[in-house]
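Asks: Here it is: the structure, laid out below.
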Amino acid sequence: EFDYFAENINVTTEDISWYGPLSLDEYATASQEQIALALPGYEIIEVRDTKMGDLDAMYIYGSYIVGEFDTQILSTFALTEDTAYVVTFTCESAVCSEYRPYQEHMIRSFEVF
């Protein structure tokens, strides 16, 4: 009731075919560079390998101040031949632990058809 920040999960795709062959590490580096440009002051807390469903994936966890809100941004992405699948979860730091099980379930159950 008194939570003024709208926690959210976004699932996006990106056509990566025009990059040529791209590894997860290369995509992670490019993602971190884009985040730094788009969100000055964003602090990366953790970067690690993970799984997104059955796909090898990368996880980037960081924090960012949005106006008066201290937020956490958790991005997980996997690559197929031509597509990057990105799941980004943004939450207010104070309540993020309440929502993490939903985010983790989405990542574990992710499927590409």
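The values are calculated or read from the model by the stated rules, or taken from the named source; none is laboratory data. Keep in mind that this is a model prediction, so the values were computed, not measured. Reconstructed Cβ throughout: ideal geometry from the backbone, glycine too, with neighbour counts over all protein chains shown. In case anyone asks, the SASA skips ligands and DNA or RNA and just uses the protein heavy atoms, side chains included. Shrake-Rupley method; radii C 1.70, N 1.55, O 1.52, S 1.80 Å.
Asks: Leaving out ligands, DNA and RNA but keeping every protein chain, what accessible area does Tyr99 have, in Å² rounded to the nearest 10, with a 1.4 Å probe?
Replies: Approximately 80 Å² for this residue.
Asks: Another one. Amide H neighbours of Thr50 under 5 Å, at least 5 residues apart or on other chains, H built in the peptide plane: list them.
Replies: Amide H neighbours of Thr50: Ala57, Met58, Tyr59.
Asks: Let me ask something else about it. Rounded to the nearest percent, how much of the accessible area of the chain (1.4 Å probe, protein heavy atoms only) is carbon and sulfur? Mind showing how you got there, number by number?
Replies: Details: 3710 of 7090 Å².
The computed percentage sits at 52.
Asks: Moving on. Taking the Cβ of Ile65 as the center, what net charge do the other residues with Cβ under 12 Å away carry, scoring Lys and Arg +1 and Asp and Glu -1? Don't skip to the end; give the middle numbers.
Replies: On the way: positive: none; negative: Glu43, Glu68, Asp70, Glu92.
Spelling it out: positives minus negatives among the neighbours equals -4.
Asks: Right, something else. Sorted from largest to smallest, which semi-axis lengths in Å does the alpha carbon gyration tensor of region 1-84 give for its equivalent ellipsoid, taking the root of 5 times each eigenvalue? Could the numbers behind the result be given before it?
Replies: Numbers: eigenvalues 134, 42, 29 Å².
Ellipsoid half-lengths, sorted descending, are 26, 15, 12 Å.
Asks: Still on this structure, please answer the following. Against the longest principal axis of the chain, how steep is helix 96-108, in degrees 0 to 90 to the nearest 10, with axes from Cα atoms?
Replies: Between the helix axis and the principal axis of the chain, the angle is about 20 degrees.
Asks: Where does each of Ile9, Ile45, Ile60, Ile35 land when they are ordered by accessible area, with a 1.4 Å probe and the largest first? Can you show the working numbers first?
Replies: Numbers: Ile9 60, Ile45 90, Ile60 0, Ile35 35 Å².
Largest accessible area first, the list is Ile45, Ile9, Ile35, Ile60.
Asks: Okay, moving on. Taking the Cα atoms only, what angle lies between the long axis of helix 24-38 and the longest principal axis of the chain, rounded to 10 degrees?
Replies: Roughly 40 degrees between the two axes.
Asks: Lys and Arg at +1, Asp and Glu at -1: add these up for the other residues within a Cβ distance under 11 Å of Phe77 and post the number.
Replies: Neighbourhood net charge equals -2.
Asks: With every protein chain present, what is the per residue accessible area of the chain (1.4 Å probe, Å²)?
Replies: Values: 7090 Å² over 113 residues.
Ligands and nucleic acids excluded, the figure is 63 Å² per residue.
Asks: Right, something else. Relative contact order for the chain using alpha-carbon pairs under 8 Å, separation at least 6, rounded to a whole percent?
Replies: Working: 182 pairs, mean separation 33.6, N = 113.
Computed over the chain, the figure is 30 percent.
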